[in-house]
Amino acid sequence: MDPTVVALMGLPGCGKSTLAGSLHRRLGLWEVNRDRIRRAMFPQCRFTAAEKEAANRAVWEAVMANCRLGRSSVVDGMSFARRSEVERAREIAVSCGFRFAAVLLDCPVAVAQARIAADPASACHPAGDRDAGLVEEVAARFEPPRADALRVDATADAQAVGEAVLALLAARRD
């Protein structure tokens, strides 16, 4: 795969972290996970705007560092609900001579909420604020992605979603 930065877009509970792990294992992409970064920076996180801003800056620095080292990245742990966040990731990738792919994991609110509620590991997820209310909040502010975003039906099982994303990324190379 050509040097690439992949931004995983979608609601909490849509499967971004599962997909990031798959892309890491299958394609060797380095995971840059804002939830893990925020937890490391703020062990007693209160999920304030200042904490989020600091974690976002750290994500951008990590992606830039990976690019400078010639490493492809997959960015996880943020919904990319705001177009400006996607554009920042795109700007970093392009400025470093990397390809960029925004991957939207399309998942209805009710499905994302049910996944979070049913997942016993949710309580251990690095984003300690995941619940039904957060899913609704993110959905309410989600801005439509650009037309070049790769869209995947995230209601399928994790393996099918992973295979679909791999196929879309491969097709984008051609």
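Every number here is computed from the coordinates shown, using simple stated rules; none is lab data. Not measured: the values here are computed from a predicted model. All Cβ positions, even for glycine, are placed from backbone atoms using ideal geometry, and neighbour counts span all protein chains on display.
Run the simple label-point estimate for M1 and A167 please: 7 Å along Cα→C-beta, distance reported in nm.
1.7 nm
Taking 0.36 nm per residue of separation and subtracting the Cα-Cα distance, what length does fully extending A40 through A114 add?
23.9 nm
With only alpha-carbon atoms in the gyration tensor, what are the semi-axes of the equivalent ellipsoid for the stretch 4-173, in Å, largest first? Please list the in-between numbers first.
On the way: eigenvalues 101, 78, 43 Å².
Over the Cα atoms of the stretch 4-173, the ellipsoid semi-axes are 23, 20, 15 Å.
Can you tell which of P144, P126, P43 shows the greatest fluctuation in a Gaussian network model of the chain with Cα springs below 10 Å?
Per the Cα network of the chain with a 10 Å cutoff, P43 tops the list.
Using 0.36 nm times the number of residues separating D148 and R25, minus their current alpha carbon distance, what extension gain do you get?
Value of the extension gain: 41.8 nm.
Place the peptides 12-19, 165-172 in order of packing, highest mean first, counting for every residue the other Cβ atoms within 10 Å and averaging per peptide. Walk me through the numbers before you get to the answer.
Numbers: 12-19: 24.5, 165-172: 15.0.
Descending packing order for the listed peptides: 12-19, 165-172.
Round to the nearest 0.05 the FRET efficiency obtained for V94 and E136 when R0 = 45 Å and r is the Cβ-Cβ distance.
Result of the calculation: an efficiency of 0.85.
Can you tally the net charge around P126? Count Lys and Arg as +1, Asp and Glu as -1, for every other residue whose Cβ sits under 11 Å from the Cβ of P126.
+2
What is the Cα centroid distance between the stretch 2-61 and the stretch 127-148, reported in whole angstrom?
14 Å
Which listed residue (I92, P126, Q44) has the Cα farthest towards the positive end of the charge dipole for the chain, taking +1 on Lys and Arg C-beta and -1 on Asp and Glu C-beta about the Cα centre?
I92
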